[in-house]
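A short reminder: the numbers here are calculations on the coordinates, not readings from a lab. As the structure is a computational prediction, the values presented were derived from the model and not from experiment. Glycine also receives a Cβ, built like all others from the backbone with ideal geometry; neighbour counts cover every protein chain displayed.
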Amino acid sequence: PRTAAVIPAAGRGVRLGPGAPKALRALGGTPMLVHAIRAMADSRAVSLVVVVAPPDGAAEVKTLLDAHALPERTDFLVVPGGDTRQESVRAGLEALPEDYDIVLVHDAARPLVPVDTVDAVIEAVRDGAVAVVPALPLADTVKEVEPAAEPGAPEPVLATPDRSRLRAVQTPQGFDRATLVRAHETVTGNATDDASMVEQLGLTVVTVPGHEEAFKVTRPLDMVLAEAVLARRRL
Ligand code: C5P
């Protein structure tokens, strides 16, 4: 089975503060997107990486790929993304050649995922799961609230789900290609990850162990952590 990775990188990253689109911000001197691409291409099972660029940034992303050393055995494609993450992933799926039957979807915002995590996801799909997510137990207790109209206003707590049954899920998420395509054709509404769309088809999604270093770079503090992880790897 051939495996391709789709990297949605078309988000603006407003929560990170002002500046360039998140995927293009430097981490250890290299754009976050390049780290994310390498993280996928480092897996020997991945033979194609499809990068979904900001709608007006495809040329810039192509230039970026040419400027950085990437594994020669991997093919790369760049396609323009959409207004939502879901549209961006769909654009990536539409660009996939016929002969790929396993697809990973990996956030550009998770530049430091270790290759062992990538390989564990692929292996679980090869073993027959239609959808696989890397997952970790939660440190924080989670509350369901009635969201307030204005940010910062007190919000009544509605429920406290049993933490021992909750998992924080990461990417890459791995899929049987036909299943993910069907999910994107059928499921509407705003999904925050791809696996939930497969769940909505009534199919079983399974977890494999995630990794702390696969965290999502969302807020300014995450950049500090990412720089520290990189510095430690370079020791
Ligand atoms: O916004 P969020 O952190 O959930 O974004 C996750 C990933 O989806 C990021 O890598 C971001 O670049 C990507 N994205 C996208 N197209 C959008 C919005 C987000 O490719 N319109």
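Test of understanding: among PRO114, PRO134, which residue is within 16 Å of the ligand (Cβ to nearest atom), in contact (Cβ under 8 Å) with a residue 60 or more places away in the chain, closer than 26 Å to ASP42 by Cα and not basic (Lys, Arg)? Talk me through it step by step, then tell me what you get.
Working: PRO114 fails: within 16 Å of the ligand (Cβ to nearest atom).
Result: PRO134 is the single residue among PRO114, PRO134 that is within 16 Å of the ligand (Cβ to nearest atom), in contact (Cβ under 8 Å) with a residue 60 or more places away in the chain, closer than 26 Å to ASP42 by Cα and not basic (Lys, Arg).
Would you be able to say whether some residue in the stretch 152-174 is within 22 Å of LEU93 (Cβ to Cβ) and away from the ligand (no atom under 16 Å from the Cβ)?
As a first pass, look at the stretch 152-174 and keep what is within 22 Å of LEU93 (Cβ to Cβ): 169-174.
With away from the ligand (no atom under 16 Å from the Cβ) added as a condition, the list becomes 174.
Checked the stretch 152-174: at least one residue is within 22 Å of LEU93 (Cβ to Cβ) and away from the ligand (no atom under 16 Å from the Cβ).
Restricted to the stretch 44-56, and to residues that are under 27 Å from GLU123 (Cβ atoms) and surrounded by fewer than 24 Cβ atoms within 10 Å (Cβ to Cβ), which residue is farthest from the ligand (Cβ to nearest atom)?
Let us first name the residues in the stretch 44-56 that are under 27 Å from GLU123 (Cβ atoms), namely 44-52.
If we keep only those that are surrounded by fewer than 24 Cβ atoms within 10 Å (Cβ to Cβ) too, we end up with 44-45, 47-48.
Numbers: ARG44: 24, ALA45: 21, SER47: 22, LEU48: 18 Å.
For the stretch 44-56, the residue satisfying everything is ARG44.
Which members of the stretch 185-216 meet the condition of being outside any loop (DSSP other than H, G, I, E, B), surrounded by 19 or more Cβ atoms within 10 Å (Cβ to Cβ) and within 16 Å of the ligand (Cβ to nearest atom)?
The answer is ALA195, MET197, ALA214.
For the stretch 74-100, which positions are more than 15 Å from the ligand (Cβ to nearest atom) and touching a strand residue (DSSP E or B) at 6+ places or on another chain (Cβ under 7 Å)? Step through it out loud before you land on a result.
First pass over the stretch 74-100, keeping only residues more than 15 Å from the ligand (Cβ to nearest atom): 74-76, 96-100.
Hits for the stretch 74-100 are THR74, ASP75, PHE76, LEU96, TYR100.
Here is a list: ALA67, ALA59. Which entry is surrounded by fewer than 20 Cβ atoms within 10 Å (Cβ to Cβ), away from the ligand (no atom under 16 Å from the Cβ), without any contact (Cβ under 8 Å) to a residue 24 or more places away in the chain and closer than 22 Å to GLU94 by Cβ? Step through it out loud before you land on a result.
Details: ALA67 fails: closer than 22 Å to GLU94 by Cβ.
Matching residue, one of ALA67, ALA59: ALA59.
Out of (1) assigned to a strand (DSSP E or B); (2) of a type in the set (A, V, I, L, M, F, W, C); (3) within 19 Å of LEU48 (Cβ to Cβ), the odd one out for LEU136 is which?
(3)
Do you know which residues across the stretch 137-179 are in contact (Cβ under 8 Å) with a residue 40 or more places away in the chain and either farther than 16 Å from THR207 by Cα or β-branched (Val, Ile, Thr) (or both)?
Within the stretch 137-179, the subset in contact (Cβ under 8 Å) with a residue 40 or more places away in the chain is 167-179.
Within the stretch 137-179, VAL169, THR171, ARG177, ALA178, THR179 meet the criteria.
Taking the conditions exactly as written (within 16 Å of the ligand (Cβ to nearest atom), buried (at least 16 other Cβ atoms within 10 Å of the Cβ) and not small (Gly, Ala, Ser)), does ASP107 satisfy them or not? Steps first, please.
Values: within 16 Å of the ligand (Cβ to nearest atom): yes; buried (at least 16 other Cβ atoms within 10 Å of the Cβ): yes; not small (Gly, Ala, Ser): yes.
Yes; evaluated as a whole, the condition is true for this residue.
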